[in-house]
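One structure is given here, and the rest of the page talks about it.
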Amino acid sequence: MSNEINLTLKPDFVEQIKNGYPLLLKEFITDWSKVTQEGTIINLRDKKNKFVAKAYYGIQNKGHGWVLSLNEKEIIDKEFFKRRLNAAIEYRKEFYADKQTTAFRVVNGEGDGLPGFTVDYFEGYYLFTWYSIGIYTLKELILDAFKESVQCTGIYQKKRFDTKGMYLDDKDDFIYGDRAPEPLLVKENGVNFAIYLDDGAMVGVFLDQREVRKAIRDKYAKDKTVLNTFSYTGAFSVFAAVGGAKSTTSVDLAKRSLTKTTEQFSINAIDLSKQKIIVEDVFLYFKYAVRKKLLFDMVVVDPPSFARSKKHTFSANRDYVKLLKEVIQITNNGGIIVASTNAANFSMMTFRGFIDKAFKDLKLRYKVLESHSLPKDFRVPEKFKESDYLKVVFIRKIKS
Ligand code: SAH
């Protein structure tokens, strides 16, 4: 690339970058004003003008840019992206070979040395998600490299960045090859999911919860009454039902959740008469459940990290303890709570603290049975563990 520019790293941060820290924070550099165009390749140098790393300028919630290479001779061209993409694909070999799971992540941004975008695989189709204007500027190069590395039926994209305060949600996310059927049926550990690649920001399933769904089906659901809160398309409910749950109740505020959840049950030939789907604010549902003295053997709670509804704003960091207390009160003694969060702004240790506080406040005891973070395909850099945002804890409420 011809338009590379040099920027000087502040001395305090040189070692950190040399050691493999991939993110360029604003405070790492004084002369940001030298670079105007997002997507520009930057040569980071120390005070003595010695090369430290190659990066690109791209503003994301995380920072101002990402390191691409620690090798001065490595040119950021199509071949560079081909090398990284091929390594990412190689790392997922076992996923490609597994016929029971046909939806997984192929490129997980910085975890694969390809910071700023992700690629998900859905039964022959690929979905690119771009997280900054900077990386989007390099899109043609990346897509050309991709098409030369992988056989694919079609490609879709989502843009997850702002321009002038507007969230970009194109009417048409389809960009290459053949269009996918709507829905596109994929499998996860033998269970069917209906995927819509061109229907807004979310496609129907969050792939990072694969192992949690499997645990619910294989180890916990049998003969249980299951409540799934913040249920979206009901993926946890479907796995619970397949695992032999006595009944499931799915609660989500969004109107779409009724048809979407019904569809996920139907494509798995699940008896709908034992599955309730409720379109309501979860916080109102808790009040209803307490009033009706409803108790469940298993409650799944997987809220967004931040949400605003008519009556509530919910922030995981601030409100998770309160949320858990509501959940604990409608869980049977000996019952299981699956507490989940994708909030990146607190750690697993903090999350375990929230769980502890909720039970202590209620003067109840609990036992942690297992916990999960991101699965293998959601690869995280060795030197940047804060990319692992997922925290899921299986808790038993102990008889008191
Ligand atoms: N657990 C889901 C993903 C949850 S996504 C899964 O595994 O697929 C978060 C969901 O929470 C969205 O579907 C959103 O509609 C819902 N939501 C946000 N605030 C809510 C509220 N106050 N009550 C009920 N649902 C809510």
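The values are calculated or read from the model by the stated rules, or taken from the named source; none is laboratory data. Note that the structure is a prediction, hence the values are computed from the model and not measured. With ideal geometry, Cβ positions are generated from the backbone for all residues, glycine too; neighbour counts draw on all protein chains shown. In case anyone asks, the SASA skips ligands and DNA or RNA and just uses the protein heavy atoms, side chains included. Shrake-Rupley method; radii C 1.70, N 1.55, O 1.52, S 1.80 Å.
Scan the stretch 33-45 for residues that are open to solvent by 30 Å² or more (accessible area, probe 1.4 Å) and either more than 30 Å from the chain's Cα centre (by Cα) or within 11 Å of Gly116 (Cα to Cα) (or both) and the total you get is 4.
Please verify whether the stretch 167-175 includes one or more residues that are among the hydrophobic types (A, V, I, L, M, F, W, C), more than 22 Å from the chain's Cα centre (by Cα), at pLDDT 95 or above and over 30 Å from Gly244 (Cβ atoms).
yes
Checked against the criterion of being open to solvent by 50 Å² or more (accessible area, probe 1.4 Å) and either in contact with a helix residue (DSSP H, G or I) (Cβ under 8 Å, 6 or more places away or on another chain) or on the phi < 0 side of the Ramachandran plot (or both), the candidates Lys82, Lys54, Lys73 yield just one match: Lys73.
So that you can scan it fast, the table gives a plain yes or no per residue for (1) closer than 27 Å to Ser132 by Cβ; (2) among the hydroxyl-bearing types (Ser, Thr, Tyr):
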{"residue": "Phe161", "(1), (2)": "yes, no"}
{"residue": "Asp173", "(1), (2)": "yes, no"}
{"residue": "Val191", "(1), (2)": "no, no"}
{"residue": "Ala194", "(1), (2)": "no, no"}
{"residue": "Ala215", "(1), (2)": "no, no"}
{"residue": "Leu227", "(1), (2)": "no, no"}
{"residue": "Ala241", "(1), (2)": "no, no"}
{"residue": "Ser250", "(1), (2)": "no, yes"}
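Taken together, the residues in the stretch 218-234 that are of a type in the set (Gly, Ala, Ser), within 13 Å of the ligand (Cβ to nearest atom) and over 21 Å from Tyr320 (Cβ atoms) amount to 1. Candidates Ala358, Ala343: the one that is modelled with pLDDT of 95 or more, in a helix (DSSP H, G or I) and open to solvent by less than 30 Å² (accessible area, probe 1.4 Å) is Ala358. Within the stretch 280-312, the residues that satisfy the criterion of being within 21 Å of the chain's Cα centre (by Cα) and surrounded by fewer than 19 Cβ atoms within 10 Å (Cβ to Cβ) are Pro304, Ser305, Phe306, Ala307, Arg308. Filtering the stretch 303-340 to residues that are at pLDDT 95 or above and either touching a Pro at 6+ places or on another chain (Cβ under 9 Å) or not assigned by TED's automatic domain parsing to the domain that holds Ala235 (or both) leaves Ala316, Asp319, Tyr320, Leu323, Ser340. The set of residues in the stretch 182-201 being more than 13 Å from the ligand (Cβ to nearest atom) and open to solvent by 30 Å² or more (accessible area, probe 1.4 Å) consists of Glu182, Pro183, Leu185, Lys187, Asn189, Gly190, Asn192, Tyr196, Asp198, Asp199.
Given the structure, is Lys322 over 29 Å from Gly243 (Cα atoms), within 14 Å of the ligand (Cβ to nearest atom) and touching an Asp or Glu at 6+ places or on another chain (Cβ under 9 Å)?
For Lys322, the condition - over 29 Å from Gly243 (Cα atoms), within 14 Å of the ligand (Cβ to nearest atom) and touching an Asp or Glu at 6+ places or on another chain (Cβ under 9 Å) - is not met.
Look through Ser315, Ser309, Ser347, Ser340 and report the one residue that is under 14 Å from Lys391 (Cβ atoms), hydroxyl-bearing (Ser, Thr, Tyr) and within 15 Å of the ligand (Cβ to nearest atom). Going through Ser315, Ser309, Ser347, Ser340 in turn, just one is under 14 Å from Lys391 (Cβ atoms), hydroxyl-bearing (Ser, Thr, Tyr) and within 15 Å of the ligand (Cβ to nearest atom): Ser340. Count of the stretch 202-217 residues, restricted to those that are more than 8 Å from the ligand (Cβ to nearest atom), within 17 Å of Arg160 (Cα to Cα) and open to solvent by 10 Å² or more (accessible area, probe 1.4 Å), is 1.
Report yes if Pro375 is under 30 Å from Ala97 (Cα atoms) and away from the ligand (no atom under 14 Å from the Cβ), otherwise no. In short, no.
Of Val238, Val299, which residue is near the ligand (Cβ under 10 Å from one of its atoms), within 29 Å of Val380 (Cβ to Cβ), at pLDDT 95 or above and touching a helix residue (DSSP H, G or I) at 6+ places or on another chain (Cβ under 8 Å)? None of the others qualify; the one that does is Val238. Taking the criterion of being touching a helix residue (DSSP H, G or I) at 6+ places or on another chain (Cβ under 9 Å) and not hydroxyl-bearing (Ser, Thr, Tyr), the residues of the stretch 308-322 that qualify are Lys311, His312, Phe314, Ala316, Asn317, Val321, Lys322. For the stretch 176-195, the candidate set comprises residues that are in a strand (DSSP E or B) and over 19 Å from Glu263 (Cβ atoms); within that set, the residue that is farthest from the chain's Cα centre (by Cα) is Gly177.
Taking the criterion of being on the phi < 0 side of the Ramachandran plot and either open to solvent by 10 Å² or more (accessible area, probe 1.4 Å) or in contact with a Gly (Cβ under 6 Å, 6 or more places away or on another chain) (or both), the residues of the stretch 316-340 that qualify are Asn317, Arg318, Asp319, Val321, Lys322, Lys325, Glu326, Gln329, Asn332, Asn333.
The sole residue among Thr248, Thr225, Thr262 that is of a type in the set (Ser, Thr, Tyr) and crowded, with 22+ Cβ neighbours inside 10 Å is Thr248.
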